[in-house]
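To keep things clear, I will list the structure first and then write my remarks on it.
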Amino acid sequence: MTYDGGRTPHGESGITVLLRRMRDAVAREANAQERLDDLTRIIATHVVADVCSIYLRRADDVLELYSTEGLNRDAIHAIQMQWGEGLVGAVAKSRAPLVTDAAQDHPAFKYFPNIGEDPLQSFMGVPLIRSGRVLGVLVVPNRARRQYTPEEIEAVLAVATLLAETTASGELLDAADTEVVDEMLHQPVRFRGGAMAPGIAIGKAVFREAPAPKHLVFARDAATETARLEEGLDRLRKSVDAMVSDDFLAGETREILEAYRLFAYDRGWKERLRAAVMSGLTAEAAVERVQAENRARLANARDRYLRERIDDLDDLSNRLLRCLAGETLDAPRDLPDDAIILARFMGPAELLEYDRLKLKGVVLADGSDTSHVAVVARALDVPVVAGVAEAIEQAEEGEEIIVDGEEGLIHIRPTAEVLRGYAEKRDLRSERQAAYAREADLPTVTRDGVEVEAFMNAGLAIDMQNLAATGAAGVGLFRTELQFLIGRGLPKASEQEKFYGEILELAGGKPVVFRTADLGSDKSAAYMKPREEANPAMGWRGVRMAVDRPGYLRPQLRALIAASAGSTLRVMAPMVTLASEVEAVRALFDQEMQYARDRGKPLPSAVEIGAMVETPAAVWRLEEIAARVDFMSIGGNDLAQFYFAADRETALTQTRFDPLEAGFVSFLKLSVDKAKAVGAPLSYCGEQAADPLFAAALLGVGMRRLSISATAVGPFRRLVRTLNTAELGAWMDDALANTVGSLRPGLDKFLRSKGVDY
């Protein structure tokens with residue numbers, strides 16, 4: 001299984017010669033300017049360019065010409081341009097290559113007299129990026145109009161990557177300029193993303209996948225680097241062998257790791273690494289170069305299997321870099337105090353694997369406030385901000401970082417003033433939560449005497465302590481799937497019975513609605529055979545999986561029946577779309593009840609079976625479902641996902657639609673009206689209701705029972721006590737009839753005018 005196929009872009013021998021010449025230039029006993037000038041000549045010759053220029057970014061964001069081959073040398077250090085100015089500034093601002101065969105016709109072109117650009121026609125500019133920051137621009141223009149080949153573009157991109165590394169490493173510039181670059185790389189920066197879980201966290205950045213430490217790019221001795229590479233590969237392979245030999249692994253999990261081991265022992269991968277080292281790179285730089293080549297090659301492969309191997313090869317490369325840094329791979333990473341985890345993505349059960357006393361916040365490259373990891377984070381009271389890939393690129397391990405889960409902000413390397421401000425904000429939030437706790441015994445009744453039931457969502461035993469602290473009437477949604485996701489195998493019925501019994505005991509007599517395991521989509525454990533689905537959120541999940549695979553559902557129902565002996569059992573099926581699905585669940589439940597009777601086991605004193613309404617189809621046929629259940633609950637997160645046809649796990653689609661859009665709120669009102677018409681109890685379970693404006697809208701359309709995250713219960717109960725439902729209902733009727741777009745601005749103005757506290 002080799003991925004040797006074909007020579008690397010621009011020819012293996014050509015790129016090898018280029019790297020060796022670049023290494024020699026950097027290692028030359030000369031001043032910084034002479035080394036830079038050597039590099040520009042070498043690059044211009046390799047790319048066959050009439051001109052090669054290197055612009056570096058100053059601390060004040062000015063781009064200064066540091067070296068050139070082919071232009072007036074008097075312009076070096078004399079030509080400076082602002083961020084975004086001219087073609088060079090456009091490359092820096094966009095952080096992307098710019099290639100054109102008509103440079104002077106480009107709208108960003110700016111003429112600089114007396115530097116010799118007059119005859120230039122073709123232009124290729126590539127940003128020098130290190131740790132997510134643009135350090136400068138490499139430019140290779142030509143006098144003739146010509147199309148740069150893909151191989152030439154790829155070669156210049158590779159050179160730009162190495163230039164950025166050497167600029168930051170201290171190998172290229174003098175001490176003063178290197179210090180300027182280092183200062184620029186470590187300036188305070190702020191990013192805005194999506195607020196997934198509320199709260200304020202101040203701590204130290206810890207990467208889910210530890211990045212490689214800083215390292216030199218060009219080797220001083222190829223033999224030494226080759227030996228280091230061999231030693232690193234040996235350690236990597238031994239660690240993979242140890243993983244595969246784990247006695248707990250079986251079936252598909254073992255098959256996946258066996259394929260992973262084949263990559264680790266792949267001869268083609270090793271030979272490309274050796275060739276990169278022999279070209280003059282350090283072992284670390286060689287790994288990173290081959291990693292980039294693999295990513296580029298496989299990303300364009302027609303074979304889907306090959307494209308999906310990118311993550312495997314990336315993971316192997318990252319592990320090898322850690323081996324080269326002397327890290328131990330088989331020992332779990334110990335979190336420092338006040339850890340902020342940075343990751344591209346994270347599964348819903350993964351947060352549970354971290355030390356909760358040390359984990360303070362999470363930063364994700366992708367996700368939304370209704371994704372399942374957000375649900376778990378809210379249960380743990382861990383603030384999360386997502387959709388900030390740039391923040392992950394620019395942060396470094398151990399740096400100070402602030403996660404503002406209220407506003408969706410990330411601060412990296414914050415100033416002392418910003419730190420003080422956020423420390424005060426965190427303390428104020430704690431005081432506010434304490435105030436809500438003091439109000440736990442107050443009734444949840446509106447100004448005009450309407451009783452509202454405020455339930456909380458839960459999924460862990462630790463969540464149950466929030467019942468008394470928040471004043472919640474009970475648990476309106478207990479997510480049982482977490483128990484299925486965190487173990488090595490399907491939990492036994494006896495284990496589930498013990499867990500559910502503990503939850504009921506901790507509830508202290510307050511009602512608990514257990515939702516049967518909502519598995520599928522992104523909620524799949526390693527022992528579950530994955531299925532290829534183009535749209536998993538709309539696929540084989542929830543009740544669909546449960547009735548097709550009763551081996552999951554029946555032991556769970558058996559455990560719930562046993563745990564609820566002598567009390568009321570409230571159980572709810574997820575993702576119900578058709579009445580026939582309810583009938584199938586009831587049939588399985590009746591079998592388990594008969595199973596308990598036949599064995600003389602104690603039974604629940606009463607049973608209530610419910611359905612989660614999470615699809616538009618279920619709303620349209622709500623009456624049919626209502627006739628077959630004791631209660632219903634709207635699953636607002638999924639219902640909004642399907643109503644807007646917007647994936648709840650993708651920030652790009654989630655931010656396009658506001659659940660307070662008048663059409664969606666009207667659709668919710670339709671469900672409330674349908675339930676009232678047939679006298680069916682209906683509640684709302686959805687993380688959107690943590691938004692006080694959305695919660696008010698639900699009350700305005702007649703919803704009187706909500707189940708929300710524990711942190712939102714206190715604010716919601718205070719909101720209820722300060723509003724008048726008759727006034728709100730009248731305003732909502734008028735707004736729904738006359739609003740196009742979101743109700744948010746108008747509702748906010750109305751509530752403020754009425755003195756509602758939210």
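Just checking, which of 560, 569, 639 is buried (at least 17 other Cβ atoms within 10 Å of the Cβ) and farther than 29 Å from residue 492 by Cα? Give the derivation first.
On the way: 560 fails: farther than 29 Å from residue 492 by Cα; 569 fails: farther than 29 Å from residue 492 by Cα.
Selected residue: 639, the only one of 560, 569, 639 that is buried (at least 17 other Cβ atoms within 10 Å of the Cβ) and farther than 29 Å from residue 492 by Cα.
Show the residue pairs that are 6+ apart or on different chains and have beta-carbon atoms under 7 Å apart, the first residue being within region 220-242 and touching a residue at least 40 places away in the same chain (Cβ under 8 Å) and closer than 13 Å to residue 287 by Cβ, the second being open to solvent by less than 70 Å² (accessible area, probe 1.4 Å) and among the polar types (S, T, N, Q).
225/282
For the subset of region 92-129 comprising residues that are of a type in the set (Lys, Arg) and assigned to a loop (DSSP other than H, G, I, E, B), which member is nearest to residue 164 (Cα to Cα)? Spell out how you get there, then give the answer.
So the first thing to find is which residues in region 92-129 are of a type in the set (Lys, Arg), and the list is 93, 95, 110.
Now drop any that are not assigned to a loop (DSSP other than H, G, I, E, B), which leaves 95, 110.
Details: 95: 13, 110: 25 Å.
The extreme case among them is 95.
Test of understanding: among 668, 652, which residue is assigned to a helix (DSSP H, G or I) and at pLDDT below 95?
652
Residue 68 versus (1) more than 26 Å from residue 20 (Cβ to Cβ); (2) of a type in the set (S, T, N, Q); (3) open to solvent by less than 20 Å² (accessible area, probe 1.4 Å): which is the lone unmet condition?
Answer for residue 68: the failing condition is (1).
For region 418-447, which residues satisfy the criterion of being hydrophobic (A, V, I, L, M, F, W, C) and open to solvent by less than 70 Å² (accessible area, probe 1.4 Å)?
418, 419, 423, 434, 435, 437, 440, 445 - these are the residues of region 418-447 that are hydrophobic (A, V, I, L, M, F, W, C) and open to solvent by less than 70 Å² (accessible area, probe 1.4 Å).
Considering only region 546-557, state which residues are open to solvent by 20 Å² or more (accessible area, probe 1.4 Å), at pLDDT below 90 and either outside any loop (DSSP other than H, G, I, E, B) or among the aliphatic types (A, V, I, L, M) (or both).
547, 548, 550, 551, 552
May I ask you to say which residue of 541, 570, 531 is out of contact with any helix residue (DSSP H, G or I) (no Cβ under 8 Å at 6 or more places or on another chain), modelled with pLDDT under 95, under 22 Å from residue 618 (Cβ atoms) and not acidic (Asp, Glu)?
541
Of the residues 73, 130, 35, which is free of Cβ contacts under 8 Å to residues at least 12 places away in the same chain, open to solvent by 20 Å² or more (accessible area, probe 1.4 Å) and among the basic types (Lys, Arg)? I'd like the intermediate steps shown before the answer.
Numbers: 130 fails: free of Cβ contacts under 8 Å to residues at least 12 places away in the same chain; 35 fails: free of Cβ contacts under 8 Å to residues at least 12 places away in the same chain.
When all the criteria are applied, what remains is 73.
I'd like to check something: does region 394-408 contain any residue that is within 17 Å of the chain's Cα centre (by Cα), modelled with pLDDT under 90 and buried (at least 20 other Cβ atoms within 10 Å of the Cβ)?
The answer is yes; a qualifying residue exists.
Tell me the residue from 271, 225, 327 that is modelled with pLDDT of 80 or more and either in contact with a helix residue (DSSP H, G or I) (Cβ under 9 Å, 6 or more places away or on another chain) or within 30 Å of residue 401 (Cα to Cα) (or both), please.
225
Condition first: under 15 Å from residue 380 (Cα atoms) and not β-branched (Val, Ile, Thr). Can you find one or more residues in region 435-455 that meet it?
Checking region 435-455: not a single residue is under 15 Å from residue 380 (Cα atoms) and not β-branched (Val, Ile, Thr).
Among the numbered conditions (1) over 17 Å from residue 475 (Cα atoms); (2) in contact with a strand residue (DSSP E or B) (Cβ under 7 Å, 6 or more places away or on another chain), tell me where residue 727 comes up short.
With respect to (1) over 17 Å from residue 475 (Cα atoms); (2) in contact with a strand residue (DSSP E or B) (Cβ under 7 Å, 6 or more places away or on another chain), residue 727 is out only on (2).
Spot the failing condition for residue 30; the list is (1) aliphatic (A, V, I, L, M); (2) surrounded by fewer than 18 Cβ atoms within 10 Å (Cβ to Cβ); (3) touching a residue at least 12 places away in the same chain (Cβ under 8 Å), and only one is missed.
It fails just one condition, (3).
Within the bounds of region 84-91, is there any residue that is within 26 Å of residue 35 (Cα to Cα), part of a helix (DSSP H, G or I) and open to solvent by 20 Å² or more (accessible area, probe 1.4 Å)?
No: region 84-91 contains no residue that is within 26 Å of residue 35 (Cα to Cα), part of a helix (DSSP H, G or I) and open to solvent by 20 Å² or more (accessible area, probe 1.4 Å).
So which of 733, 757 ends up being under 34 Å from the mean Cα position of the chain (by Cα) and either surrounded by fewer than 17 Cβ atoms within 10 Å (Cβ to Cβ) or of a type in the set (S, T, N, Q) (or both)? First the steps, then the outcome.
Details: 733 fails: under 34 Å from the mean Cα position of the chain (by Cα).
Result of the check over 733, 757: 757.
Being under 14 Å from residue 450 (Cα atoms), of a type in the set (Gly, Ala, Ser) and in contact with a helix residue (DSSP H, G or I) (Cβ under 8 Å, 6 or more places away or on another chain) is the filter here; which residues of region 704-758 pass it?
729
For region 633-640, does any single residue satisfy the condition of being within 23 Å of residue 737 (Cα to Cα), among the charged types (D, E, K, R) and under 32 Å from the mean Cα position of the chain (by Cα)?
Within region 633-640 (the criterion being within 23 Å of residue 737 (Cα to Cα), among the charged types (D, E, K, R) and under 32 Å from the mean Cα position of the chain (by Cα)), the answer is no, since none of the residues qualifies.
Please count how many residues of region 695-711 are surrounded by 24 or more Cβ atoms within 10 Å (Cβ to Cβ) and under 31 Å from the mean Cα position of the chain (by Cα).
8
Out of all the residues in region 736-750, which are assigned to a helix (DSSP H, G or I) and either in contact with a Leu (Cβ under 7 Å, 6 or more places away or on another chain) or surrounded by fewer than 17 Cβ atoms within 10 Å (Cβ to Cβ) (or both)?
737, 738, 744, 745, 747, 748, 749
Starting from region 719-734, take each residue that is over 17 Å from residue 706 (Cα atoms) and list its partners that are in a helix (DSSP H, G or I) and open to solvent by 60 Å² or more (accessible area, probe 1.4 Å), counting only C-beta distances under 8 angstrom and pairs at least six apart or across chains.
Matching pairs, first to second residue: none at all.
Limited to region 47-60, what total is found for residues that are under 40 Å from the mean Cα position of the chain (by Cα) and either open to solvent by 30 Å² or more (accessible area, probe 1.4 Å) or more than 16 Å from residue 149 (Cα to Cα) (or both)?
Residues flagged as under 40 Å from the mean Cα position of the chain (by Cα) and either open to solvent by 30 Å² or more (accessible area, probe 1.4 Å) or more than 16 Å from residue 149 (Cα to Cα) (or both) within region 47-60 amount to 9.
Determine whether region 56-72 contains at least one residue that is under 17 Å from residue 165 (Cα atoms), at pLDDT below 85 and in a helix (DSSP H, G or I).
no
The values are calculated or read from the model by the stated rules, or taken from the named source; none is laboratory data. This one's a predicted model, so the numbers in the text were calculated from it and none came from an experiment. Glycine also receives a Cβ, built like all others from the backbone with ideal geometry; neighbour counts cover every protein chain displayed. Just the protein is used for accessible areas: all its heavy atoms, side chains included, with ligands, DNA and RNA removed. Shrake-Rupley method; radii C 1.70, N 1.55, O 1.52, S 1.80 Å.
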